[in-house]
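Where a number appears in this text, it was derived from the coordinates with a stated rule and is not lab data. Model, not experiment: these values are computed from the prediction. Cβ placement follows ideal geometry from the backbone for every residue including glycine, while neighbour counts extend to all protein chains displayed.
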Amino acid sequence: MTDGRRRIGGLKLFNIILAGCAMALVIVCLLTASRGTVSEETGPSPVVTFAVDVIEFLLVVAFIFVLARRWNRRAAPPGWGLGPIFGKWSGEANDEFPFIATRADSMGDPDMKPRRSETPLAAQARKLLVDWRGDAYSFGLDCLDAVGEKTAPLGRRALFVANRSEWLADTVERVIDAFGPVGVEVVARCEGARPNSPLEDVYRIQDEIEAAKADVIVAAGAGSTIDATKAAIVLACLSPGVHDVNPFFGVGRVTEKLGGTALTPLVAVETAASSGSHLTKYANVTDLAAGQKKLIVDMAIVPRAAVFDYSTTVSASKDLTCDGAFDGMSHCIEVYYGAKGDALEKVERIALTGVSLIVSSVADAVRDPGSLASREALGLGTDLGGYAIVVGSTSGGHLTSFSLVDVTTHGRATAILNPYYTVLFAPAIERQLRKLSQVYVTAGLMSDDASRLSGRDLALAVAEAMMALSRQLGYPTSLGALPGFGPFHIDRAIAAAKDPQLKMKLQAMPVPMDAVMVDKYMRPVLKAAAEGDIRRVVTMK
């Protein structure tokens, strides 16, 4: 499975082989039986008889092997599998034989035992996600068909939102095919959103929702389409006919206005390992004319159900893969930096697992886009990023990235900015830096000696490791390297940081800031990032 469009997964392929072996075995058995009716004078030669016996024996062995694999993966109770007998041939996914990897839609099953081929990190990520979302979320490999069963309980008349891009065509077709068997009718289709969820796209989707009068909305695509659909549902339900999302920006504004009204349920079908929008309480919306992004932050907009088939990401470009990886990693890191008190231990487990999965797999995914192991790791890691930003909030890197929408992608902006913010907050995040340093040491991006540093020196070492990963993937490490970037972007970012609607990002910083502190601390960080000189960052005391 290397191009994201093959629908024959491991078990389907083995079903075909099993049926073929059974048919061939029957034919050979008939040929063998027919030998008994042939006279001695006209019977087959000993060579032919021996050949038939060998073929029969091989088919019996093949039949038993395939049947054993099905037993091992699907039917056997825990501990009864035949892996110890047949080894990797019986069901362990591996690089040499990737086609025998298990279907991972069972990853959404709380009772599913860890797969024999699953790494401890992946097993931990799976448990975290299952404990969090339970039956509301289907994730893994080859689980796209679950969208039908997730949608049907929420409504029988669906508005389907998705872009018509070529790379998404197969996924869209498969989602639509999943509706028929469960009795869901697509009453209307609507084009998704452009990158960064522009206001104009939100309002267009709002109009489509109001016209369709559907029971349920299904949005398939990357974060921009899902975010735009979240915002459009809010407008269609709470201010129909009015194109003004501004009253809903900020924290909890949707819930304040809901009263007894219920939002139309949303089923999110994610297709990019990135923002985690299919799981989160955020909807990013961009005013392209002003070059500024803002947020709706509200638990009321979390999709009622979600599906993410990680195998759909194998067709993602290098840029989309890396942008998504850095976005997911920034969610983990920024929330981890700002976590305090009782929340720190929970966030720590989520963030370190997510960062470890992403750091260890993103380069492999770029080198081999069809690697399902790398795609699964990225999907799990970025999903944990989505979990992190529901538990906590992002801060500096995200806040500044909202003012760079006209010169770079969101993921690339956070990849550039977070090393600089790391040095700014060094004294307040030493525990986090100590733990993160081990992730980068394991990945070969940081020396073990450097991980033993402290204070600002440790922060500089971790920041350099972050930048080393960016360079390894061909990404810039300074704002000045972005085409079109200029001093006015710094002024725009500083002004946005003082906007009350983005106050939550200042408050979520490891050392909470107010508007008065922005010029003193943020502006030097952005100047250092513009010049690419991380040692110019002034560390907060």
By its C-alpha gyration tensor, with a ≥ b ≥ c as the square roots of the eigenvalues, how is region 141-310 shaped: rounded for a/c under 1.5, else prolate for a/b larger than b/c, else oblate? prolate
From the Cα gyration tensor of region 249-371, with a ≥ b ≥ c the square roots of its eigenvalues, which class applies: rounded if a/c is under 1.5, or else prolate if a/b is larger than b/c, or else oblate? prolate
What are the ³J(HN,Hα) values, in whole Hz, obtained from phi via the Karplus relation 6.51 cos²θ - 1.76 cosθ + 1.60 with θ = phi - 60°, for each residue of region 238-245 in sequence order, with x given for Gly and Pro? 9, 8, x, x, 10, 8, 7, 8
Estimated vicinal HN-Hα couplings, Hz - region 351-359 in sequence order (Karplus 6.51, -1.76, 1.60; Gly, Pro = x): 5, 5, 5, x, 5, 4, 4, 6, 4
Checking the table Lys293/Lys541; Lys150/Lys340; Lys340/Lys503 against a 26 Å threshold on Cα-Cα, which pairs fail? Lys293/Lys541; Lys150/Lys340
Debye, to nearest 20: dipole size of region 141-310, +1 on Lys, Arg Cβ, -1 on Asp, Glu Cβ: 500
Please sort 443-452, 200-209, 506-515, 463-472 by packing, taking for each peptide the average over its residues of neighbouring beta carbons within 10 angstrom, highest first. 200-209, 463-472, 506-515, 443-452
Tell me the net charge near Asp201. Cut-off is 9 Å between Cβ atoms, Asp201 excluded, with +1 for each Lys or Arg and -1 for each Asp or Glu. 0
Unsatisfied cross-links (Cα-Cα over 29 Å) in the set Lys257/Lys498; Lys127/Lys257; Lys230/Lys346: Lys127/Lys257
5 Å binning of all Cα-Cα separations within region 209-290, expressed as whole percents from 0 upward: 3, 14, 25, 25, 21, 10, 2, 0
Sequence-distant residues sharing a close amide H with Gln292 (under 5 Å, placed H): Asp287
Counting sequence-distant residues (5 or more places) and residues on other chains, those with an amide H built under 5 Å from that of Gly140 are Phe308, Tyr310
Distance violations [Cα-Cα > 21 Å] among Lys294/Lys527; Lys294/Lys505; Lys294/Lys318: Lys294/Lys527; Lys294/Lys318
May I ask you to order 424-434, 403-413, 262-272 by the average number of other C-beta atoms within 10 Å around their residues, highest value first? 262-272, 403-413, 424-434
Can you give the charge dipole size of region 317-536 about its Cα centre, rounded to the nearest 20 debye, using +1 on the beta carbon of Lys and Arg and -1 on the beta carbon of Asp and Glu? 380
Apply the a/c threshold of 1.5 to the C-alpha gyration tensor of region 157-204 and tell me whether it is rounded, prolate or oblate. oblate
Mean projected area, convex hull of alpha-carbon positions in region 309-383, reported to one decimal in nm², is 4.5
